[in-house]
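Just so it is clear, none of the values below were taken in a lab; they were calculated from the coordinates. Not measured: the values here are computed from a predicted model. Counting neighbours? That spans all protein chains shown, and the Cβs are built from the backbone with ideal geometry, glycine included.
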Amino acid sequence: MATPLQRTASEFPTEYWNDSCNESELAYAIEHGAVGATSNPTIVSTVMRQEYDIWAPRVREIISQNPSWTDQEVTWQVIEEMAIRGWKMLEPIYQSAHGQKGRLSIQTNPTFSPSVEKMAEQAMHFHTLAPNVQVKFPAVAAGIEAMERVTEEGATVNATVSFTVSRPWRSARPWSEPSPSARRPATTPPGWRRRAPSWSDAPTTG
């Protein structure tokens, strides 16, 4: 019997994306009709905790191989590697849909949001990593200008009204559980992640 997700994808004019790059969650979503996924620093932070045994050794390896890197450089290497894994999982959908589906969204660095040049440069770097990249920009003046610029150069983009910055991995309490005061209210269903609405659906292509 089809699950509600499969019925949503097959019986209605709906395409749904998985709001995570967790490997098992994304595999389940694809199996049940998902045609895309997203990542951002907050999502990656959650996946770090969910897949600690996979990513903690990788973080140590990155630090060992690049001793001069800053926390931010290590963080963005991890973000890229999680995104690349997701792109590979979605690539069969991308190929069968001739590029109209099967993308994973990766967010530009939130600290770059005042700079058209920095966002555009990072976006075009992401664009070289896999064929089914979709780059997420902030819906601010510089972000819109950067989107126009990289779209002209062939990148696929989307916009968000909610940008977040996660704590660097080598912080004082890496991958620790949140303090009791920071935990989600009891009214939030277990397993749900509270977030502001964002635009992460239909891609805009050049």
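A few remarks follow.
- Here residue 118 is the anchor, and the lysines within straight C-alpha reach of less than 20 Å, apart from those fewer than 8 places off in the same chain, are 136.
- Working note: Karplus 6.51/-1.76/1.60 with θ = phi - 60° gives region 63-75 the couplings 5, 5, 6, 9, x, 8, 5, 7, 4, 5, 5, 5, 4 Hz, where Gly and Pro are set to x.
- Cβ-based net charge around residue 27, under 15 Å, with every Lys or Arg adding one and every Asp or Glu removing one: -4
- Net charge contributed by nearby residues that have their C-beta within less than 15 Å of residue 124 (K/R +1, D/E -1): -4
- Positive dipole terminus of region 83-143, leading residue within 83, 107, 126 (C-beta point charges): 83
- Cβ-to-Cβ counts within 10 Å put 12, 112, 126 in ascending order as 12, 112, 126, the fewest first.
- When the P(r) of region 4-170 is calculated, the portion above 19 Å amounts to 57% of the C-alpha pairs.
- For region 40-118, taking Cα atoms only, Rg and Dmax work out to 14.7, 42 Å respectively.
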